[in-house]
Structures are given as structure tokens and as C-alpha cells.
1. Within the accessible area of the chain, what % is carbon and sulfur when the probe is 1.4 Å and the other protein chains stay in place?
2. How much net charge surrounds residue 255 when only other residues with a Cβ under 13 Å from its Cβ are counted (Lys, Arg +1; Asp, Glu -1)?
3. What list of ³J(HN,Hα) couplings, whole Hz, do you get for segment 533-539 from phi and the Karplus terms 6.51, -1.76, 1.60, once you set θ to phi - 60° and write x for glycine and proline?
4. With the dipole of segment 284-328 worked out from charges on the C-beta (+1 for Lys and Arg, -1 for Asp and Glu) around the Cα centre, which of 293, 318, 304 lies farthest toward the positive end?
5. Could you sort 666, 63, 421 by accessible area so the largest value comes first, with the probe set to 1.4 Å?
6. Quick one: how many Å² of residue 567 are accessible to a 1.4 Å probe, rounded to 10?
7. Using a 1.4 Å probe on the protein heavy atoms only, what accessible surface does residue 501 show? Give it in Å² to the nearest 10.
8. So if we plug the beta-carbon distance of residue 376 and residue 328 into 1/(1 + (r/R0)^6) with R0 = 25 Å, what FRET efficiency do we get, rounded to 0.05?
Amino acid sequence: MDFKAQIQMGIPTELPPRKERSSAVSHAPNRKQILSKEEKHLAIRNALRYFPADWHAVLAPEFAEELQTYGRIYMYRFQPSYDMHTRTISDYPAQTSHAAAIMLMIQNNLDPAVAQHPQELITYGGNGAVFQNWAQYLLTMQYLSEMTDEQTLHIYSGHPMGLFPSSKEAPRVVVTNGMMIPNYSKQDDWEKYNALGVTQYGQMTAGSYMYIGPQGIVHGTAITVMNAFRKVLKADENPNGKIFLTAGLGGMSGAQPKAGNIAGCITICAEVNPLAAKKRYEQGWVDELINDLDILITRTKEANSKNEIISLAFIGNVVDVWERFYKEDIFIHLGSDQTSLHNPWAGGYYPVGLTFEESNELMNKNPDAFKIKVQDSLRRHADAINQHTARGTYFFDYGNAFLLEASRSGADVMAENKIDFKYPSYVQDILGPMCFDYGFGPFRWVCSSGKIEDLQKTDAIALRVLKAIKKNAPTEIQQQLSDNIKWIAEAEQNKLVVGSKARILYADAEGRAKIALAFNEAIENGELSAPVILGRDHHDVSGTDSPYRETSNIYDGSKFTADMAIHNVIGDSFRGATWVSIHNGGGVGWGEVTNGGFGMVLDGSKDAERKLKNMLFYDVNNGISRRSWARNPEAMFAIKREMDRTENLKVTFPTLVEDNILENLF
């Protein structure tokens, strides 16, 4: 049976043979056993409802074994026999190119070259799932193959609820992930209800089919590291030979060494999982692998003395690195951490003093003891960082909940007021005021032809558009435009593509719309050979309400509200998005963030032109208006400029209050 026929079949008509897990890919850690006996019966009953009754006697004990061993039912038996990777858009069996584009993006998220734990359908972050199980994947792809332009597929946390009549103007797919009643959004709630098979953690772009491999975060990390060095170095200094120490080489964090090379520094990135470190090395994302701390010390001193630009992956625990560097008097200019601390008790953070294998065993067999080890490690981790910052290291939280979980563990990370953290979030110090408030955020696209020639043409188009905008742009955004012009000009030589032929850059509403319009025209006139899929990271101007990351520089008290993210996904849905998504959880944790995203297919049509202008404008300016209302100066500037440019835009603008008016009121 060929690829198209397998897609169209969905759940097989005959029970396939049992499949074993592959030893060639990384696997999700075994989740803790949290269900009662009755709840385990319910989980199996929930899983079996995807299959004919005469298969149940065979599948029930198999699913029980998976649940007992792994803490989840993944349905390994139903993994497709075809290779999991993107095809060209014409290779998919579909009634509409929009559905085929979504199929392409789903397969990219599950490509073993892209996904962190592909057989568990996890793209990145330890638990960022595309689907809960393989039955959901099979059904979703079948529905997409049948979909018309007047149907919408509704997906509940990986489960395809079905195709519903809609209209050509409606989104083709609406995705929700982990949308819990508020009082049921604690970490153990995710463990329980995910084990039951009724919800999942979609991260940001995993469960919304918009992950493009680590390239997406390379750009944001490069921008962050460049601007962090601008904060700490003198005007006549450059980052060459200066040290950026961090941790994590998984799905998202794996981008850090490449970003450090682009920024021009020494990047030292610790990773406890040897497979993850080797994967990034083999993909060319890190220059050297080192598994001995003594060798790391020697190599770091050498690189520092020679002002090298180099990325070093240390296979080991970053706490050991922080502590040893202090003893060796190695000065760290920039420090951060990008382990998956939003998921601290189930493989997101590995404690110092235990091997990778010992940690995986302990978290499964004795989760309470593992939690104690993690909290001990976080306190020790923070103490080492504090020693370095006392010497002048600039440390910033990289939005992975490091400071949040460290504070909950009793680590010394709180400011004197006992309310704020002593270290800033990178959004507070860098991306918020320098990018998001001006409307600059991670705009991305995928060439559905799969041709490198098309990607090269889109790079050239985007470069041309940004240079034209820069000529008349105000002083306030010249740096952002310059950084992104440099980025896109060097994108191909930096070998950023993993999986789909995709690209990312930071642009504001004007830049996004003009680039998209130029793409659409290039498709119409045949310069590009197939549709282009637009999207963005949820980590953006408007998409995400996250008080410890994306909206950490909102100071009017509203950073714990989620109105912006909800309005974003609703507003995008009726302004032309091809699919929309809204999630509970993301890089900072379940219950800590609400984030929304979109996908849009450009096919060269007038409909696409109309939709891109309408939707991309709102997708950015929704967030700028909220940031302006919070009295962020850069956002107030940006929304005033946008109102001058756009006749039909009228935004409520704040009146500033003089401090002396409030001084003696209470």
C-alpha cells in the first residue's frame, strides 16, 4: 500500500503486527504512576474506543503494559510503516491545498531529525506533544485527506473530534491543548489527565504544527545573546572569546550553540543526555563534544586566550560546570539556562550527582525522592550562579521557569523585596522593550515545495523587503531591522534548516505583511513553485500571556491575565488564518501561561492577499495595543505610529499620571 493510500485509510482495517520501540531515537522518560486501579481501567477504556471491539482482547493487555511501563499509552503498534518526514505538498492526498499544507507541517513536527522523542509524538521540551497517541495521528491525517474548503477539523488536545460544516472563510483546523478548568491546572493534574488520555501538553509550536526545528529559537537566541553582550561590553568591544554558559541541547535548547556562533562568542552548553548532545553535533549545531570536565576547563581557557568563536557541548551536568569554573577563576560574561524546567519532575531538569540513567529510574520508581534531588540541585545551581554574578557575570532567566522553580525550592534567587527575582527575565531586559513592544517578533515561513531553490528565493525576497523598509524607518527600530537584515543575508551559510525548508526572522506588522505579499505575488507569477506556509512562534508580541516570560515586562498588574492570547486566536480565526491554536502551558509550565498561534497558507490567490493583510496586521497590533495600555513607552510609540499609518485603527491610549499625584493618598 502506497503512502497516499495509507493516509486515506486512517485506522488500519486489519490489526497490524506489534511494533517495538526503536533504540535509534531518544525516548520520553517513563512518567510516574499516578492513576488508581480504577483510573487505569478508564485509561485503557479510553484508548480502546479508537478501535473495533474484536481487537480489544488483544490490545487491552498491550495498552495496560504500556501504561504500567511508560505511564502513558502511546499505541506503538499503530506507528505508520512509512518514513516520517515532510513531503512536497503535492504528495499528500487532499481535496484542498490548505489541508495538504497542514499534513506537511504535522509530519515535520514528528520527523525524527526534528522531534525530541518521535515515537512518543513529542516534538520538544520533554512533553511538547503533537498527539497523545498514534491513533490520533492516523485519524487526523485521514480527516485532512477528506476535508473540503467548507469544513473545519476541531482537535481537542490531540484528539480529532471531527469535520464540521463551516465556510471557506473559516479556519480549516482549530486546535486546543490542555485547556483545563482553572482549578485543575497543577502539574499532577497534567500527569493524571494526560495518563487518562484526555488532555495533552502542546508546548507552543509542537501541538500547533508550527515547529521548524531548532532554527526557530536560533534566531531569538542570537538576537538575545547579541543584545545581552551589547549591555555588558564597552562600545569598542566584541563578543569574540567571551563566554556564554548555559544548559540544554534538546529540541528548543539545542539551538543555543549555533546562536552563540552567530553572535560571535564562546558558547558552553551542558547536556546530561548523551544522545541529545550527539544529535546536535551530528547536525552541525555544535562544534565540539567534550565529556570530561578537566578537558572542558583546558579547552575553555584556550578558546578564551585565543578570542575564539566556538561552541562546546559538555556531556554532563551544568551545576558541575558553574562550580568548577568558579574554582578555576574562569570569568563568565553571560549566563543562563534552557533546560525544560517547566517540567521539573518528569525529565525537564536532571539533578547534579545522579547520572542520566539513575535520574530516569528514580523519577519513575520514587518520584518524591527525585523531586527532593531536583530541589537540592536547584539550590546548589543558584548558589553557584550567585558566586559568579558577584564577580560581574550577567545572568538572565531564559523563560524556562528556572528562577520560578528555584524559588519554589528555597534557592537564593529572590530580590530584597521578596516579591521579584534578583535576576531579570530576558524578556524584561532584552526582547520585551527592544523587540516585542515595537512589534518585532518571530515571523516564519515554510516552502511547501520542499525545494531549496524556493527557500533561497524567499530569503532574497525578504531581504529586499527589509532593506526597502529600513530606508525610511524611524531611528527607534533601525537596530532591529539591521540585525534581521544581517540574519537573513547569512541564513543559508549558517545551515539552519532541519526538516522542512523553513525560515524565520523578526519583523513587525509592516514587515510581515510586505514580505507575505511579495511571497504571494511570487507564487502567482510562478517565481515560487508551490504555496508558502506562514506562521510564527507563539513566543511573540501578541500570542502569549506569560507573566514569567512573554509578558514579564507588563507592569500595570495585568501580566497574570490571559485576555490578549484569547483575543489573538479568536481575532486571527475570523481574519483569515488557515488554522489557529490555543494552549495551556508552554515553555514556562502547565498552568503558568496561555498561548495562541496560527498557520496561513499563501497560494498566490486574491483571497490569500486579502487575508494576509487583514490577519497579520491584527496578529501583531493586538499585542502592541495591550502593551501600550500597560504604559510601555516603546509600545506607545509603536501604536501611535501604526495609527498614523492605518486609517481604520483607533486604539485606546493611556494618560500618564505624575508620581506626585499619588504620593500622599494612603
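1. Carbon and sulfur atoms account for 50 percent of the accessible area of the chain.
2. Taking every other residue near residue 255 into account, the sum is +2.
3. 9, 9, x, 7, 6, 5, 6
4. Final value for the positive-end residue is 304.
5. I get 666, 421, 63, largest accessible area first.
6. Residue 567 exposes around 110 Å² with every protein chain in place.
7. Roughly 50 Å² of residue 501 is accessible to a 1.4 Å probe.
8. After rounding, the FRET efficiency stands at 0.60.
The values are calculated or read from the model by the stated rules, or taken from the named source; none is laboratory data. Predicted model, so just to flag it, every value in this text is computed and none were measured. Glycine gets a Cβ as well: all are built from the backbone with ideal geometry, and neighbour counts include every protein chain shown. The accessibility values were calculated without ligands, DNA or RNA, using every heavy atom of the protein model including side chains. Shrake-Rupley method; radii C 1.70, N 1.55, O 1.52, S 1.80 Å.
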